[in-house]
Structures are given as C-alpha cells and as structure tokens.
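Undergrad: Below: one structure in structure tokens.
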C-alpha cells in the first residue's frame, strides 16, 4: 500500500504532496512536511518545512493508496509562499 500525505491551506488549496512510508498518522495529530529539491542545471535549491494537522484519511481500493489529508497549522509567510512556489516549479 502506498501512503500519500497531502497538505492543504485553510481554503482547501493543495500546497504539497509527499510520499509516506509505513506510518499512518492518526486524525488530529501533527505532521511535519519537510523536503528539499535542487536543479543541477541552474543550481537552484529550496527547502520547505511546514506543520499540518491530519484532518482525514481516504483509502482508494482500486489503487491501494491511502491518502492522509492535512491542513496547515499556521498561515504562510511571504517568504514561505515564495519557497513553496519555487519548490513546486522544481
């Protein structure tokens, strides 16, 4: 089974998805979304780190995928929005 953690803002917009391993965070628990990407062609590098609270789980039987949906705990700063945009572009 694959586990995908999705982080949404307070308006329901998807911010980032990360693949999980074995652990399934319980509903209402906090999850840290931390990742980094780099583009070797342009030497761009960005790291993100956000805290989300698990709102619900949704399992897809046909794909054998568990979606763990989270809502961001704190509002994004301008710098975090910029980093997230750069992260998603990379």
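Undergrad: Find all pairs meeting these conditions: Cβ atoms under 8 angstrom apart; at least six residues apart or on different chains; first residue within region 11-40 and at positive phi; second residue surrounded by 13 or more Cβ atoms within 10 Å (Cβ to Cβ).
TA: 28/53; 28/54
Undergrad: Look at residue 38 and say whether it is surrounded by 10 or more Cβ atoms within 10 Å (Cβ to Cβ), within 23 Å of residue 80 (Cβ to Cβ) and at pLDDT below 95.
TA: Numbers: surrounded by 10 or more Cβ atoms within 10 Å (Cβ to Cβ): yes; within 23 Å of residue 80 (Cβ to Cβ): yes; at pLDDT below 95: yes.
Here the answer is yes, as residue 38 does meet what is asked.
Undergrad: Only one of these is buried (at least 16 other Cβ atoms within 10 Å of the Cβ), assigned to a helix (DSSP H, G or I), at negative phi and touching a residue at least 40 places away in the same chain (Cβ under 8 Å): 66, 84. Name it.
TA: On the way: 66 fails: assigned to a helix (DSSP H, G or I).
Criteria check complete, one pass: 84.
Undergrad: Restricted to region 7-23, and to residues that are within 12 Å of residue 73 (Cα to Cα) and assigned to a strand (DSSP E or B), which residue is nearest to the chain's Cα centre (by Cα)?
TA: Per the criteria, the residue is 7.
Undergrad: What tally of residues in region 24-58 results from selecting those that are in contact with a helix residue (DSSP H, G or I) (Cβ under 9 Å, 6 or more places away or on another chain) and part of a loop (DSSP other than H, G, I, E, B)?
TA: Residues in region 24-58 being in contact with a helix residue (DSSP H, G or I) (Cβ under 9 Å, 6 or more places away or on another chain) and part of a loop (DSSP other than H, G, I, E, B): 0 in total.
The values are calculated or read from the model by the stated rules, or taken from the named source; none is laboratory data. Note that this is a predicted model, so its numbers are computed, not measured. Reconstructed Cβ throughout: ideal geometry from the backbone, glycine too, with neighbour counts over all protein chains shown.
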